Amino acid sequence: MKHLLTTTVNGEQVQEAVSPRTSLADFLREDMGLTGTHLGCEMGACGACLVLMDGAPVHACLVLAVQAEGCTVETIEGLTETGAAADLQARFHDRNALQCGYCTNGMLMSAQALLAANPDPSRDEIRDALSGNYCRCTGYEAIVDAIAATASDRAALPETKAEAAE
Amino acid sequence: MTMHIGQAARRENARRHLAGRGRFVSDLALPRMLHAVFVRSPMARGRIFEIDTSEASACPGVVRIFTAAELNARCTPWIGTLGHFAGMQSPPMNILAEDEVLWTGHPVAMVLARSRAEAEDAAELVMLDIEDAEPVTDGAAALRPGAPLANPAARDNLCYEAVLETADVDAAFAGAAHVVEASMTFGRHTAVTLEPRAVIADFDASSGALTVHHGTQTPYQFQDVYSRHFGLPEGKVRVIAPDVGGSFGMKLHVYNEEMGAVAASLILGRPVRYVADRLESFLSDIHARDHIVQGRMALDAEGTILAMEVNDLTQVGAISAYPRTSAAEGNQVIRLMGAPYRMSDYRGRLSVAFQNKVQTSQYRAVGHPIACAVTEALVERAAEATGLDPFEIRARNLIADDAYPHVSATGYQFEKLSHQACLAKLHEMMEPDALRAEHASLRKQGIYRGFGIASFVEITNPGAAFYGVGGARISAQDGAVVRMMPSGDIHCAISVTEQGQGTETIIAQVVADQLGVTPERVSVTTGDTATTPSGGATWACRGAGIGGETALRAGRRLRDRILTLAGALVQADPASLRLENGAVVDATGAARITLEEIGRIATYRPDTLPDGIDHSLTVAHHFAPTGYPFDFTNGIQGSLVEVDVETGLVRILKHWVVEDCGRIINPLLVDEQIRGGVVQGLGPAFFEECQYDADGQLTNGSLADYLVPMACEMPDIEIAHIETPTGDTILGAKGVGEAGTAAAGAAAMNAVNDALRPFGARLTQTPMTPLRILDALDAAREERTDP
């Protein structure tokens, strides 16, 4: 029996019939065509499927689609369109903080959440915040560099812009 | 004019990934597509009596369930041997187990349904009646006389053996002042690419064409495999590798599941998708390493290395992997031993043993980490035995920078390496005297730190000596088609592939420099057998060296073509013209005509060209390496660790790399290849291990149980370069992708053992888990109290 789900995805209200067992990740990827959310382990260990649900990062593989009822969900596609993480994405690009690109969505989500909570993180704090994000390609240092550089950039912004960036 | 080779250009294609617009096979859905799920053997070894699919077949959404009888008939079996590995055996393998199951996870049935979830539901209802048999789970026991067979179709459990020796090795040991020994064990680990293996096979019966969307490094190799094993004309097989979420050697082997997807699509005439879940990745992706090595090293009284002798037991699966075999790893282990050192005598013995575990094969830095760790552990023991400092003993024994060309005791030919310069540079970066002083003072506070170093060579730019000579249909050459578009922009289609290394970026840089344009004007296409010329693609560190040279030569041929045409257009001798800043310039540097104008005339107004002039602005060029069989690179790594002797936990504080990959095309990308490689070396040194119980069950097949290196455990990695271009090519580039992995674990093990030196404890097994460190401390304590 399918459930009629009403939720907001990347600012658009959507209504879709979903099976109760469908994960949010499968719903986003298969029903919404939002394939920027990746699946790496389907058990909440690798971080490739992180999305923002009501502003907080969640593993879309561990959340059922029906749990998103009435929530706002933001994926990498939405974050890109609003420009909210444009500076972070630019720093990742400058620093080559991605190779195959499969973990990148999750890295950006974790980084965005970290910088919102702690605008001036140390390198250790950045590494700690990425403790649930697996990357096989980079060795992490470039990712840490890119996030640290974004933090400095945002600190140097006039306050109003810094708030807008959040 | 600015040269783009050597510039730290960013990757254009990274922008798509940052925007969530990557295009991976696992993202793709085709009309009428079916989802495949495999029913797998729950035991490591057994005989199939019955597979009952009746209940499963009745499940909603299920379209078909295949067992071996139907599916295997569509595919000729594959055999993972190579002709130049004399005496090697491997029984044939086909998609689904026929009578015998040979490892836990061996596919026995294939369920096809409209959704993955429905296929999984049905797979649970397939009833298997398999009689348990005793599995072979220990390579040493497997080789004893009378051992049960891991694979009943094999003669015995010895897949391959080889001996490599010089004439005077025994005399060298007999006359040695010091002989040091080590017995070492290197755990089995696996690639754990973040995107699992993924394939969609799409057979169109109306045209007879098979298109396979395949997350692989080597589309041409699979075009050939699918063509031959499924009896299709090569021209009817297209393999497309779009974005690939990590590969590292793992995605270039033939797997039962991918072959199954193709076979099912051929039978059903519908697209068939298979994407491994994480447990399936652990149970079916190739595993790597799994060695037991005994090594010894002979030295004279001054600490000069005279000889090495090594026995390597490589423990593989129940078959040898296809088409690259499971023996190349061990073969490289025995050939790379002692490679950085001036050493005249050597004996290496290799035994490759079948077991009832997942097949093993080539993974990043094939054989290198094992050879490096054994050699460097022996050098470290030699330093202790002779009272020499670790830097000093290496300084005395590394092949001198002015002593090339050099042939190693194992027969490798080195064109020109820079071990001494690398050692000196590492010394400067690490400041070992300061570290030692600091460690001595920290020890008084109960803090145990140590550092270790490890020299290495890396095999790159392989020619046909790797596989071609053994009969494998694996291309040693690459091809590029470079064309100028009517706008004057350039397009390059090339056979080397991209998995995030930056292949497309460096190819654009190389082509841009040949044609006097910026890399932004060069678009690059890779990864599709229908749109790029045939070639070996990206493996064994050949993308930059061989792919780059292919692009360079193709670019130069197009340059000559453009200049000839320009000469006719501007009435000048083409030899007096060159390409610069998007235009043809003369000897004075004055622009005579832009590429855009040439493109316009050649495309839209060829009627205005002089009669008979060739206005085709497309060239194809293929390049195969010549000269040395491989272009070796070299370098040295350093590791700094702190060991908590109460808990056995290790903090990796810092890692250093000095690397010489010849001409650096893009320093940003080179450094990130090294960093990523180092972390793939540190992972198996400290965390990663596929753990099996005595029944051959993999007991840690999830990302919660199998530990991979994460951000908080990894150190910052400082990198320096020496540049010794190869003279084999115009470009002078060698590979770099495996250098980090080659020596990181060796340096780390030496560092841990340096930290444990005050206790007389020593690690000889990877991964160096807290438990193994505590065991080593206990063993040393017992030895002290009960000598």
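The values are calculated or read from the model by the stated rules, or taken from the named source; none is laboratory data. Computed from a prediction, not measured in an experiment: that's the story for all the values here. Every residue, glycine among them, receives a Cβ derived from its backbone with ideal geometry; neighbour counts consider all protein chains shown.
To keep it simple, each residue is scored yes or no on (1) of a type in the set (S, T, N, Q); (2) at pLDDT 95 or above; (3) not in a helix (DSSP H, G or I).
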{"site": "B:Ile506", "(1), (2), (3)": "no, yes, no"}
{"site": "B:Ala512", "(1), (2), (3)": "no, yes, no"}
{"site": "B:Ala530", "(1), (2), (3)": "no, yes, yes"}
{"site": "B:Ala537", "(1), (2), (3)": "no, no, yes"}
{"site": "B:Cys541", "(1), (2), (3)": "no, no, yes"}
{"site": "B:Gly545", "(1), (2), (3)": "no, yes, no"}
{"site": "B:Glu549", "(1), (2), (3)": "no, yes, no"}
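Scanning for something within 13 Å of chain B (Cβ to nearest Cβ), free of Cβ contacts under 8 Å to residues at least 60 places away in the same chain and within 30 Å of B:Gln7 (Cβ to Cβ), does the stretch A:105-118 turn up at least one residue?
There is at least one residue in the stretch A:105-118 that is within 13 Å of chain B (Cβ to nearest Cβ), free of Cβ contacts under 8 Å to residues at least 60 places away in the same chain and within 30 Å of B:Gln7 (Cβ to Cβ).
So, in the stretch A:42-71, of the ones that are within 14 Å of chain B (Cβ to nearest Cβ) and in contact with a Pro (Cβ under 9 Å, 6 or more places away or on another chain), which residue ends up nearest to B:Pro709 (Cα to Cα)?
Among them, the one singled out is A:Gly47.
For the stretch A:51-103, which positions are charged (D, E, K, R) and closer than 21 Å to A:Asp26 by Cα?
Answer for the stretch A:51-103, where residues must be charged (D, E, K, R) and closer than 21 Å to A:Asp26 by Cα: A:Asp54, A:Glu69, A:Glu74, A:Glu77.
Which residues, counting only those in the stretch B:143-155, are touching a Phe, Trp or Tyr at 6+ places or on another chain (Cβ under 9 Å) and within 14 Å of B:Ser320 (Cβ to Cβ)?
The answer is B:Ala150, B:Asn151, B:Ala154.
Looking at B:Ala162, B:Ala174, B:Ala154, can you tell me which residue is without any contact (Cβ under 8 Å) to a residue 12 or more places away in the chain, of a type outside the set (Lys, Arg) and not assigned by TED's automatic domain parsing to the domain that holds B:Val39?
Being without any contact (Cβ under 8 Å) to a residue 12 or more places away in the chain, of a type outside the set (Lys, Arg) and not assigned by TED's automatic domain parsing to the domain that holds B:Val39 holds for just one of B:Ala162, B:Ala174, B:Ala154, which is B:Ala174.
Any idea which residue in the stretch A:1-18 is surrounded by the most Cβ atoms within 10 Å (Cβ to Cβ), counting only those that are without any contact (Cβ under 8 Å) to a residue 40 or more places away in the chain and in a loop (DSSP other than H, G, I, E, B)?
A:Lys2
Please specify each residue of the stretch B:617-639 satisfying the condition of being outside any loop (DSSP other than H, G, I, E, B), hydrophobic (A, V, I, L, M, F, W, C) and over 26 Å from the mean Cα position of the chain (by Cα).
Listed by number, the residues that qualify are B:Val619, B:Ala620.
The rows are residues; the columns are (1) under 19 Å from B:Thr726 (Cβ atoms); (2) at pLDDT below 95; (3) loosely packed, with under 15 Cβ neighbours inside 10 Å.
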position	(1), (2), (3)
B:Ala440	no, no, yes
B:Gly446	no, no, yes
B:Phe456	yes, no, no
B:Ile459	yes, no, no
B:Pro462	yes, yes, no
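Rundown of residues vs (1) within 14 Å of chain A (Cβ to nearest Cβ); (2) under 22 Å from B:Ile319 (Cβ atoms); (3) touching a residue at least 40 places away in the same chain (Cβ under 8 Å); (4) among the acidic types (Asp, Glu), yes/no style:
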{"position": "B:Glu234", "(1), (2), (3), (4)": "no, no, no, yes"}
{"position": "B:Met250", "(1), (2), (3), (4)": "yes, yes, yes, no"}
{"position": "B:His253", "(1), (2), (3), (4)": "no, yes, yes, no"}
{"position": "B:Asn256", "(1), (2), (3), (4)": "no, yes, yes, no"}
{"position": "B:Gly269", "(1), (2), (3), (4)": "no, no, yes, no"}
{"position": "B:Ala276", "(1), (2), (3), (4)": "yes, yes, yes, no"}
{"position": "B:Phe282", "(1), (2), (3), (4)": "yes, yes, yes, no"}
{"position": "B:His287", "(1), (2), (3), (4)": "no, yes, yes, no"}
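Based on what the data block shows, is B:Leu30 closer than 26 Å to B:Asp224 by Cβ and not acidic (Asp, Glu)?
Criteria met by B:Leu30.
Can you pull out the residues in the stretch A:79-99 that are surrounded by fewer than 18 Cβ atoms within 10 Å (Cβ to Cβ) and facing another protein chain (nearest Cβ under 8 Å)?
A:Asp94
Kindly indicate the residue of the stretch B:700-750 that is in a loop (DSSP other than H, G, I, E, B) and of a type in the set (Asp, Glu) and also nearest to the other protein chains (Cβ to nearest Cβ) among those meeting that condition.
The qualifying residue nearest to the other protein chains (Cβ to nearest Cβ) is B:Asp716.
Name the single residue, out of those in the stretch B:99-151 being of a type in the set (S, T, N, Q) and either surrounded by 20 or more Cβ atoms within 10 Å (Cβ to Cβ) or outside the structural domain of B:Asn72 (by TED's automatic domain parsing) (or both), that is farthest from B:Ile51 (Cα to Cα).
Per the stated criteria, the residue is B:Thr137.
Could you give me the residue pairs with C-beta distances under 9 Å whose first residue belongs to the stretch B:343-372 and is within 20 Å of B:Gln765 (Cβ to Cβ), whose second residue is in a loop (DSSP other than H, G, I, E, B) and charged (D, E, K, R) wherever it lies, and which are 6+ apart or on separate chains?
B:Ala353/B:Asp138; B:Gln355/B:Asp138; B:Ala365/B:Glu738; B:His368/B:Glu738
Just to be sure before I move on: is B:Val584 over 30 Å from B:Gln680 (Cβ atoms), surrounded by fewer than 17 Cβ atoms within 10 Å (Cβ to Cβ), in contact (Cβ under 8 Å) with a residue 12 or more places away in the chain and touching a strand residue (DSSP E or B) at 6+ places or on another chain (Cβ under 7 Å) in the structure I sent?
In short, no.
Filter the stretch A:60-82 for residues that are out of contact with any Asp or Glu (no Cβ under 7 Å at 6 or more places or on another chain) and either among the basic types (Lys, Arg) or without any contact (Cβ under 8 Å) to a residue 60 or more places away in the chain (or both); which is nearest to A:Ser23 (Cα to Cα)?
A:Leu64
Output the residues belonging to the stretch B:156-176 that are touching a Ser or Thr at 6+ places or on another chain (Cβ under 8 Å), over 19 Å from B:Gln315 (Cβ atoms) and outside any helix (DSSP H, G or I).
The answer is B:Leu164, B:Thr166, B:Asp168.
Looking at the stretch B:351-392 only, could you name the residues that are assigned to a strand (DSSP E or B) and crowded, with 24+ Cβ neighbours inside 10 Å?
Listed by number, the residues that qualify are B:Val352, B:Ala353, B:Thr360.
Name the one entry in B:Tyr412, B:Tyr404 that is among the hydroxyl-bearing types (Ser, Thr, Tyr) and without any contact (Cβ under 8 Å) to a residue 40 or more places away in the chain.
B:Tyr404
Is it the case, given these coordinates, that B:Leu668 is over 17 Å from the mean Cα position of the chain (by Cα), under 29 Å from B:Thr633 (Cβ atoms), of a type outside the set (Val, Ile, Thr) and facing chain A (nearest Cβ under 9 Å)?
yes
For A:Cys137, which of the numbered conditions (1) crowded, with 18+ Cβ neighbours inside 10 Å; (2) out of contact with any Leu (no Cβ under 9 Å at 6 or more places or on another chain); (3) closer than 21 Å to B:Phe687 by Cα fails to hold?
Evaluating A:Cys137 over (1) crowded, with 18+ Cβ neighbours inside 10 Å; (2) out of contact with any Leu (no Cβ under 9 Å at 6 or more places or on another chain); (3) closer than 21 Å to B:Phe687 by Cα leaves (2) as the failure.
Determine whether B:Ala480 is surrounded by fewer than 24 Cβ atoms within 10 Å (Cβ to Cβ) and either more than 30 Å from B:Glu431 (Cα to Cα) or away from chain A (no Cβ under 14 Å) (or both).
Considered against the rule, which asks whether it is surrounded by fewer than 24 Cβ atoms within 10 Å (Cβ to Cβ) and either more than 30 Å from B:Glu431 (Cα to Cα) or away from chain A (no Cβ under 14 Å) (or both), B:Ala480 comes out as no.
Name the one entry in B:Ala241, B:Ala205 that is in contact with a Gly (Cβ under 8 Å, 6 or more places away or on another chain), surrounded by fewer than 20 Cβ atoms within 10 Å (Cβ to Cβ) and of a type outside the set (Ser, Thr, Tyr).
Only one candidate qualifies: B:Ala205.
Inside the stretch B:21-66, can you point out the residues that are surrounded by 20 or more Cβ atoms within 10 Å (Cβ to Cβ) and either of a type in the set (Lys, Arg) or not assigned by TED's automatic domain parsing to the domain that holds B:Glu100 (or both)?
B:Arg40, B:Arg45
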